[in-house]
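First the structure, in the form of structure tokens, and then the observations on it.
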Amino acid sequence: MLRALLAALSFAIAAGTAAQPPADAAKKPAAAKPAAKAAQPRAGARPAWAELTVEQQQVLAPLKPDWASLDAERKQKWIAIAKRYPKMKQEEQERVTRRMQAWANLTPEQRRQARENYKRLAKMPREEHKKDLREKWAEYQALPAHERQSLVPSPSTDPRRQKH
């Protein structure tokens, strides 16, 4: 349980960081989103993979197998990340790529859980979020060493630790 929580939390943070708009975009008022957009993802939502630029395809390559199943709103979020990608520092590009690969390796259920965790954390006041993380860290630290070690993913199975 704790292992799943830690994994979901790290993926939620990773996905949230990668999907964050630039600071100036956060100042723009958001348009109201109709409830219909929250419906099931629509296969074939545009743009199709072939409609992406070569640069976008290179940046978003880890998502290619799942691209057709993404809804239009998610595609636009990933395209926005690809647009900002060339302006990122090298280490930030590497981090985004690693996190995108980790995201692509998640099952649909793990992605759903990561989104839910991210939404919950985003709604939580910053101090409460810090307190929640401190409590979970203290709970982890209180575990016996062998249990903590059993929660550490092996480098061969942890997509965050794979070097490409």
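Can you find a residue in segment 39-52 that is modelled with pLDDT under 50 and hydrophobic (A, V, I, L, M, F, W, C)?
yes
Restricting the search to segment 93-112, which residues are free of Cβ contacts under 8 Å to residues at least 60 places away in the same chain and open to solvent by 70 Å² or more (accessible area, probe 1.4 Å)?
Glu94, Asn105, Pro108, Glu109, Arg112, listed by residue number.
Would you list the helices (runs of 4 or more DSSP H) that sit entirely within segment 35-135 and hold 3 or more residues that are of a type in the set (Gly, Ala, Ser)?
72-84
For segment 136-148, how many residues are over 26 Å from Trp103 (Cβ atoms), part of a helix (DSSP H, G or I) and not charged (D, E, K, R)?
Residues flagged as over 26 Å from Trp103 (Cβ atoms), part of a helix (DSSP H, G or I) and not charged (D, E, K, R) within segment 136-148 amount to 4.
Name every residue in segment 71-92 that is open to solvent by 80 Å² or more (accessible area, probe 1.4 Å) and more than 14 Å from the chain's Cα centre (by Cα), in order of residue number.
Matches in segment 71-92: Gln76, Lys83, Pro86, Lys87, Lys89, Gln90, Glu91.
The values are calculated or read from the model by the stated rules, or taken from the named source; none is laboratory data. Predicted model, so just to flag it, every value in this text is computed and none were measured. Note: ideal-geometry Cβ built from the backbone for every residue, glycine included; neighbour counts use all protein chains shown. SASA here: full protein model, heavy atoms, side chains in, ligands and nucleic acids out. Shrake-Rupley method; radii C 1.70, N 1.55, O 1.52, S 1.80 Å.
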